[in-house]
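I have placed the structure first, in the form of structure tokens, so that the comments after it can refer back to it.
Since every read-out is calculated from the coordinates, none of them should be taken as a lab result. This is a predicted model, so every value here is computed, not measured. All Cβ positions, glycine included, derive from the backbone under ideal geometry; neighbour counts span all protein chains shown.
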Amino acid sequence: MEIQNIIKEKIKTVNTQLEEYMKHPDLAQNSIFNAMNYSLFAGGKRLRPIIMLLVCDMLGGDEKEVLPFACALEMIHTYSLIHDDLPAMDNDDLRRGKPTNHKVFGEAAAILAGDALLNMAFEITSSINTENPKRALRAISVLSKASGALGMIGGQVIDIESENKAISHDMLLNLHSLKTGAIIRAAGVIGAVMSGAGEDEIKAVDSYCLNLGLAFQIRDDILDVTGNEETLGKPIGSDSENHKTTFVTLFGLEKSKKAVDEYTGKAISSLSVFKEKAKELTDLANYLTNRSV
Ligand code: GRG
């Protein structure tokens, strides 16, 4: 099957399950669910759940074991975007082509919606009905570490503290390996752990995700310069407006495009041990190199 169709199928699976998780009785606090749903169903690409489900497919895992983690990861990703857009952080008005959460619901509700999504992610994953509680416990540990001060939040801190400063290539790689890379790596590692992979297989998947995450981030930096505002659903040029060092400001467009290809190549090579079973993840990596959204 073409990767575009596989992606569509996985998105459908994830969205159906997310809708299930977001069902709730009529409550006095309904407004928090409105704010959570607004961003959760605003049209995200679902990249992280797609990676997790494709890793599960590659390793012959059981999708039912992985899906709660895929949804939880998307909730954490969505919370990070809601908080990142707040006036205290990037102060953005548009996300996924729509007014940002705080623009619609107000700052207090946006903070709470992000917090509630984060908590729901851990409620879902710690309530999982699984034959393999040891695997689930390890996956929850991976998820919490990747989202926290040693992962995504750590990257966000370095990012904030680097604004208006010239930072080196190594510092930029460290920043993005954490801010963007940590939860992309968690997607692959959790998919592998919940599918019963061995340690060498987990390492190979982790290396794929680390390199894919860097290629994805560099492509993001390129799109911030060359992208189309309408297609991207957010303003172009925000990195330079916020005086951020990016791969494009350090190396220019041509070298950045080459770097996307290089990291994509490294990602794909990491999967060589899986031979033809890695076809879908290989196709995904190649597909992302030319993404315009
Ligand atoms: C505020 C706790 C906290 C963390 C913020 C992840 C993050 C850290 C901020 C998001 C802003 C940003 C530009 C992150 C870089 C990673 C990235 C390109 C995120 C956007 O991911 P996509 O393109 O988004 O997968 P969609 O909308 O498709 O889900």
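Taken over the C-alpha atoms, segment 1-81 has Rg and Dmax values of 13.6, 46 angstrom.
For Arg95, nonlocal amide neighbours, meaning residues 5 or more places apart or on other chains whose placed amide H falls under 5 Å from its own, are Thr100. Projecting the alpha carbon convex hull of the chain along each direction and taking the average yields 14.5 nm². Sorting 216-228, 27-39, 275-287 by their mean Cβ neighbour count within 10 Å, with the most densely packed peptide first, gives 216-228, 275-287, 27-39.
Since only Cys209, Ile184, Ala166 are under comparison, the one whose Cα sits farthest along the positive direction of the charge dipole of segment 165-209, derived from C-beta charges on Lys, Arg, Asp and Glu, is Ala166.
When only Cα pairs under 8 Å and 6 or more residues apart are kept, what is the percent relative contact order across segment 35-76?
Relative contact order, segment 35-76: 45 percent.
Taking every C-alpha pair closer than 8 Å and separated by at least 6 residues, the mean separation divided by the residue count of the chain gives a relative contact order of 20 percent. Between segment 54-78 and segment 86-109, what is the C-alpha centre distance in whole Å? Taking the Cα centre of segment 86-109 as reference, the centre of segment 54-78 is 28 Å away.
Shown for segment 208-290 is the translational diffusion coefficient from the Stokes-Einstein equation, using the Kirkwood radius over Cα pairs, a temperature of 20 °C and a viscosity of 1.002 mPa s: 159 µm²/s. Stokes-Einstein diffusion for segment 1-146 at 37 °C, viscosity 0.692 mPa s, with a Kirkwood radius from C-alpha pairs, works out to 205 µm²/s. Greater than 31 Å separation of Cα atoms is the criterion. Which listed pairs, Lys98/Lys179; Lys103/Lys279; Lys64/Lys203; Lys103/Lys255, meet it? With Cα atoms farther than 31 Å apart: Lys103/Lys279; Lys103/Lys255. Principal axis analysis of the Cα atoms in segment 132-243 yields extents of 48, 30, 21 Å, listed in decreasing size. Pairs exceeding a 30 Å alpha-carbon distance, out of Lys12/Lys244; Lys134/Lys275; Lys234/Lys275: Lys12/Lys244; Lys234/Lys275. Taking the charge dipole of the chain about its Cα centre, with +1 at Lys and Arg Cβ atoms and -1 at Asp and Glu Cβ atoms, the residue from Ile124, Leu223, Val193 reaching farthest to the positive side is Val193. Highest mean packing comes first when the peptides 176-184, 232-240 are listed by Cβ atoms within 10 Å, giving 176-184, 232-240.
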